[in-house]
Amino acid sequence: MPTVRELTALYENFLLGPRPGEGVCVTCFNLTDGYRRCYACTRSEAWLDAFAPVSYSPAHEQLHHVLACYKRVTGERARRSAAELAAILWRYVSAHEQCVAQAAGAEFFPLVTTVPSADPARDDSHPLRRIVGELVGVTRERHRRLLRPSAMALEPRAFSPRRFEALGRLSGEAVLLIDDTWTTGANAQSAAATLKAAGAGPVGAVVIGRHINRQWRENDRRLSAIPQPFDWARCVLCARRR
Ligand SMILES: [Zn+2]
Ligand SMILES: [Zn+2]
């Protein structure tokens with residue numbers, strides 16, 4: 001069995017760790033034209049108490065491809081991509097969960113859950129739940145399925161507190177929410193809104209890829225300036241403290 005280090009080594013040459021700063025959205029770390037919040041975040045509601053994307057995921061590049069495909073492939077390819085994504089989450093969460101908890105105002109996260117697929121048929125066999133609930137050693141003991149997609153027909157990629165339904169009541173526990181991709185943030189923010197309505201305490205989120213368009217404005221130059229290989233010792237929340 002390959003180790004977490006071996007599985008993640010493949011990704012070190014293309015993961016692009018976001019860093020806060022001028023022209024970087026304070027909510028989702030999208031690159032902006034100098035604004036504090038990106039356009040999508042100004043249109044969404046902000047229910048997450050903290051958010052940490054592992055990497056930018058430029059459209060049509062390697063990470064985007066893995067994150068788009070792992071849910072569709074089967075057999076050995078599915079097993080391999082699930083193992084690789086689990087390794088990324090394992091390594092990142094074990095190093096930076098405390099950074100997310102601190103930013104969210106929680107001591108720790110007693111519960112870990114995933115953002116459901118918006119499509120109920122797909123959500124039943126969502127491989128992300130198996131990754132977080134079975135493969136990732138640092139999350140599997142705390143994983144619970146807390147949300148399911150609601151049956152309402154809603155505009156995709158728009159925030160709605162009715163996009164998901166809670167599967168039970170919570171009593172103030174802090175929740176770590178995990179997703180594969182952040183595009184507009186509507187799904188993660190909608191999931192956080194539902195968790196809070198169900199009684200959750202602070203909600204922090206980790207996603208693997210923060211989707212980005214390399215062709216927009218100065219994005220190519222700015223993404224190319226991110227140092228490589230990927231630094232596992234720093235996340236977007238603790239990078240500044242060191
Ligand atoms: Zn944003
Ligand atoms: Zn950190």
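Of the residues PRO156, PRO127, PRO149, PRO161, the single one that is closer than 18 Å to TYR11 by Cβ and over 14 Å from the mean Cα position of the chain (by Cα) is PRO127. Annotation for the range 56-74: at least one member residue is modelled with pLDDT of 95 or more, under 19 Å from CYS238 (Cα atoms) and within 16 Å of ligand 1 (Cβ to nearest atom).
For the range 159-193, residues that are farther than 22 Å from GLU97 by Cβ and surrounded by 24 or more Cβ atoms within 10 Å (Cβ to Cβ) total 3.
Assess whether ARG142 counts as being out of contact with any helix residue (DSSP H, G or I) (no Cβ under 7 Å at 6 or more places or on another chain), modelled with pLDDT of 95 or more and surrounded by 15 or more Cβ atoms within 10 Å (Cβ to Cβ). Considered against the rule, which asks whether it is out of contact with any helix residue (DSSP H, G or I) (no Cβ under 7 Å at 6 or more places or on another chain), modelled with pLDDT of 95 or more and surrounded by 15 or more Cβ atoms within 10 Å (Cβ to Cβ), ARG142 comes out as yes.
In the range 25-42, the residue that is nearest to the chain's Cα centre (by Cα) out of those that are of a type in the set (A, V, I, L, M, F, W, C) and more than 16 Å from ligand 2 (Cβ to nearest atom) is CYS28.
Just one of the listed residues (ARG37, ARG77) is touching a Cys at 6+ places or on another chain (Cβ under 9 Å) and not in a helix (DSSP H, G or I), and it is ARG37.
The set of residues from the range 73-96 being of a type in the set (Gly, Ala, Ser) and under 13 Å from LEU128 (Cβ atoms) comprises ALA78, SER81, ALA82, ALA86. Going by the structure shown, is ALA106 out of contact with any Phe, Trp or Tyr (no Cβ under 8 Å at 6 or more places or on another chain), buried (at least 20 other Cβ atoms within 10 Å of the Cβ), of a type in the set (A, V, I, L, M, F, W, C) and more than 25 Å from GLU12 (Cα to Cα)? So ALA106 passes the test. When the range 227-237 is filtered for residues that are within 17 Å of LEU31 (Cβ to Cβ) and either within 15 Å of ligand 2 (Cβ to nearest atom) or surrounded by 15 or more Cβ atoms within 10 Å (Cβ to Cβ) (or both), only VAL236 remains. Selection within the range 97-124: residues that are part of a helix (DSSP H, G or I) and over 23 Å from ALA186 (Cβ atoms). The member of this set that is nearest to the chain's Cα centre (by Cα) is GLU97. Residues in the range 12-63 that are within 24 Å of LYS196 (Cβ to Cβ) and of a type in the set (Gly, Ala, Ser): ALA40, SER44, ALA46, ALA50, ALA52.
Residue-by-condition table, conditions (1) of a type outside the set (Lys, Arg); (2) free of Cβ contacts under 8 Å to residues at least 12 places away in the same chain; (3) away from ligand 1 (no atom under 16 Å from the Cβ):
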position: THR8; (1), (2), (3): yes, no, yes
position: GLY23; (1), (2), (3): yes, no, no
position: GLY34; (1), (2), (3): yes, no, no
position: GLU76; (1), (2), (3): yes, yes, yes
position: TRP90; (1), (2), (3): yes, no, yes
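Taking the condition of a type in the set (Asp, Glu), touching a strand residue (DSSP E or B) at 6+ places or on another chain (Cβ under 8 Å) and either loosely packed, with under 13 Cβ neighbours inside 10 Å or at negative phi (or both), does ASP124 pass? Spell out the reasoning first.
Details: of a type in the set (Asp, Glu): yes; touching a strand residue (DSSP E or B) at 6+ places or on another chain (Cβ under 8 Å): no; either loosely packed, with under 13 Cβ neighbours inside 10 Å or at negative phi (or both): yes.
So ASP124 does not fit the description; no.
Residues in the range 208-225 that are away from ligand 1 (no atom under 16 Å from the Cβ), in a loop (DSSP other than H, G, I, E, B) and loosely packed, with under 15 Cβ neighbours inside 10 Å: GLN215, GLU218, ALA225.
Looking at the range 1-34, which of its residues are in a loop (DSSP other than H, G, I, E, B), surrounded by 20 or more Cβ atoms within 10 Å (Cβ to Cβ) and of a type outside the set (Ser, Thr, Tyr)? Matches in the range 1-34: LEU15, GLY17, PRO18, CYS25, CYS28, PHE29, ASN30.
The values are calculated or read from the model by the stated rules, or taken from the named source; none is laboratory data. Worth saying up front: this structure is predicted, and the values here are computed from it rather than measured. Counting neighbours? That spans all protein chains shown, and the Cβs are built from the backbone with ideal geometry, glycine included.
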